[in-house]
Each structure stands twice: as structure tokens, then as C-alpha cells.
Amino acid sequence: MSSATIDWTTLGFSYIKTDLRYISHWKDGAWDAGELTGDNRVHISEGSTALHYGQQCFEGLKAYRCRDGSINLFRPDQNAARMQRSCDRLLMPHVSSEQFIDACLQVVRANERFIPPYGSGGALYLRPYLIGVGDNIGVRTAPEFLFSVFCVPVGAYFKGGLTPTNFVVSGYDRAAPNGTGAAKVGGNYAASLLPGQEAKAQHFADCIYLDPETHTKIEEVGSANFFAVRKDGTFVTPKSPSILASITKYSLLHIAQHRLGMPVEEGEVYIERLDEYTEAGACGTAAVITPIGGIQHGEQLHVFYSESEVGPVTRQLYDELCGIQYGDREAPEGWIIKVK
Ligand code: PLP
Ligand code: COI
């Protein structure tokens, strides 16, 4: 089929209906074989636990068109494993890594004409999700489940791509200390809607959450993890039980240490000590690497490298990460699965 009629140069992060999505149902202890469907609506019971009690989780990963026309999936085994951890937290059945990766491969192949061309900066974003469905009314785990993967061609999540953007510290918490912050579940994102809207109304890209226990340490952005470069050249990223274990963040920790020769640290980033850092950024599948120009905390705007120019370490990390994802630089063992 011919390439979709999309202006690849202006792609943002918006829903576009693609051709086919994968859907599988769980009943009586097992998943069915799963199939591709052209219907982008989901037909579920009005009593579904996903609708009332937030029993659902999701993932996000991308397929990349390479220079030679082949297609890369980036670390889908990590998304499969994280979805299994989210399922454990919300009492939902695992989808095996094999079924998860097979569903992603089927969806990419069936929607190949929607993959942005090499060099456009875009990618095909895959959205796997797993929800509790079936007739139910009490607060209990669902009698049935549905697992689906759909895809959308996307460009930059935060406007401007590699142009630095400012973030604001939120007074809200997105997660509780022993809550569901480490799971990729919809409730965390529902909690982030109002803080995000308030940040955007003040012309910030988004907000940054502090740790919910002491409100002294940076946790993450509502849709991405946080990293910074300390004056001594160390790559630092927050360690906390209430943030999402970002696959991009762990990839950057590896790249910083093994490709750029930097010391790396998962630790505390105190909001009152931002002057210890020369650069900062947000990282994630959707966000890729978004340089943070400055962080507004109360009355003060702390600017890192510059409000208009990306710092040199952030650029190196970006080039290496994207080089691996688009197949221009050698990937560490097991990071890339070839779709074709
Ligand atoms: N943190 C949150 C809250 C997210 O929604 C995401 C996006 O998936 C991330 C971090 C980044 O995770 P990853 O790099 O695995 O996409
Ligand atoms: C992702 O980066 O995959 C995310 O889930 C972030 C956001 C779109 C929720």
C-alpha cells in the first residue's frame, strides 16, 4: 500500500487513525490467539473495572525507519517486562513477552505506510494497553481482560524538539510514597492533568514533581524522567520508588557510562541545589530528550546551560540515543529488534 498522505515535517503528538490494531481477550485464565482489526473502537461492558476503578495499564514504544529502509523496534522486551510489573500492581494477568513483542511486530508491519520516513525526525509510536473488562460492579479484579496495541505516527512531544524549554515545579503530587507511581497506570496520568494544565497556562512545557514524602527532591515530569549533568561531569538521575522506571533513562545511563565515559549516578537531586548542575533534560519515549532550559521554583527561575541553546552533553546523549534507534550507530546487544 502507498505511503500515507501525511505531512511528515509538521507531525506533532496527535491521534491519527491508522489501518489495523491488535486485540486479544483473556477469559477463564488464558489469552486468545489475538487478531488484527480495522475497528478503532473498543466494545466493553459498562461494568468494566477499567472504567470505574482504573484497573488498566499501558506502554509506549516506537518503531523507527532506518536509512536503508529497514525498521527498528527499540527494546520492546523492556516494555513487555514493565507492563508485567504494572499488571502485578493492579492484579491483572501478564501478557507474555513473546505475545507482547509479536503483537507489536504485527501492528508495525500492518501499518508500515504510516512510519515516518528516515530523516524526518518522526517515528511510529506504539501504544499497548491492558484493561479490566466484563460485567462487574464491586471493587475487585475484573472477570475478563483485553490487551490491544495500536499505533500513531508522531513527531516531537514537546514543541521545539532539541530547543530548550522551561518547566515549573508543581505543588501537587502525581503519586504517593507507597502508591502506584512506579507502575504505568492511567490513574497517575489522571492525577497529572490538572497540574499539567496549570503549568501550560503559565507557558511552561509541563511541570516537575517533587518527591511526595519530603518535597525536597526532583522526581520526574508527568510524562518523562529527569536527568542532569553535575559540574564534575557526572550524569545524575533521580532514584525513587514512586517514579516510572524509564527505559530511555536506563538507556542513557548506559550510553553516558559506556559511550561517553561519564561517571553516572542514580541518586538525589535536591531542588534547592540546582546550581550544582550545568545541564538538565527530560527523557522518555515520547519526549526523546527534551533539554530543560530552566526550572521555575516559587519566585525563582533557575537556568541551566541556556534558555535557547542545547548543552553539549545533552546533544551528545541525543545523537547517540537517536543514532542507535534509527540504526546509524551500533546498538548494545539486544536493544534493537528488526521488524524488517
Ligand atoms: N515517566 C513517565 C511518567 C512516563 O509517562 C514516561 C513515558 O513512558 C517516562 C517516564 C519515560 O519512560 P520511557 O523512557 O520508558 O518511555
Ligand atoms: C511515553 O513516552 O511513551 C509516554 O507514555 C508519555 C506520554 C505520552 C504519556
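The values are calculated or read from the model by the stated rules, or taken from the named source; none is laboratory data. Everything quoted here is computed from the prediction, not taken from an experiment. Note that each Cβ is placed from the backbone with ideal geometry, even for glycine, and that neighbours are counted across all protein chains shown.
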Open item on the list: Looking at His254 and the list (1) in a helix (DSSP H, G or I); (2) more than 11 Å from ligand 1 (Cβ to nearest atom); (3) touching a Lys or Arg at 6+ places or on another chain (Cβ under 9 Å), which single condition is not satisfied?
Closed with: (3)
- [ ] Just give me the residues in the stretch 166-192 being surrounded by fewer than 18 Cβ atoms within 10 Å (Cβ to Cβ) and of a type in the set (Ser, Thr, Tyr), in sequence order.
- [x] Tyr172, Tyr189
- [ ] Please state which one of Asn79, Asn72, Asn40 is surrounded by fewer than 22 Cβ atoms within 10 Å (Cβ to Cβ) and either touching a residue at least 12 places away in the same chain (Cβ under 8 Å) or within 29 Å of Gly179 (Cβ to Cβ) (or both).
- [x] Asn40
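Residue by residue, here is whether (1) touching a residue at least 40 places away in the same chain (Cβ under 8 Å); (2) assigned to a strand (DSSP E or B); (3) crowded, with 20+ Cβ neighbours inside 10 Å holds:
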position: Leu301; (1), (2), (3): yes, yes, no
position: Val310; (1), (2), (3): yes, no, yes
position: Arg315; (1), (2), (3): yes, no, no
position: Asp319; (1), (2), (3): no, no, no
position: Cys322; (1), (2), (3): no, no, no
position: Gly327; (1), (2), (3): yes, no, no
position: Gly334; (1), (2), (3): yes, no, no
position: Ile337; (1), (2), (3): yes, yes, no
- [ ] Report yes if some residue within the stretch 218-238 is under 19 Å from the mean Cα position of the chain (by Cα), in a strand (DSSP E or B) and modelled with pLDDT under 95; otherwise report no.
- [x] yes
Task: Selection from the stretch 19-37 of residues that are touching a His at 6+ places or on another chain (Cβ under 8 Å) and either surrounded by 16 or more Cβ atoms within 10 Å (Cβ to Cβ) or in contact (Cβ under 8 Å) with a residue 60 or more places away in the chain (or both) - done: Trp31
Open item on the list: For the stretch 266-284, give me the residue count where each residue is buried (at least 17 other Cβ atoms within 10 Å of the Cβ) and either of a type in the set (Val, Ile, Thr) or outside any helix (DSSP H, G or I) (or both).
Closed with: 10
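Conditions tested, residue by residue: (1) assigned to a helix (DSSP H, G or I); (2) among the β-branched types (Val, Ile, Thr); (3) over 20 Å from Trp31 (Cβ atoms).
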site	(1), (2), (3)
Gln99	yes, no, no
Gln106	yes, no, no
Pro117	no, no, yes
Gly132	no, no, no
Asp135	no, no, no
Arg140	no, no, yes
Val152	no, yes, yes
Phe158	no, no, yes
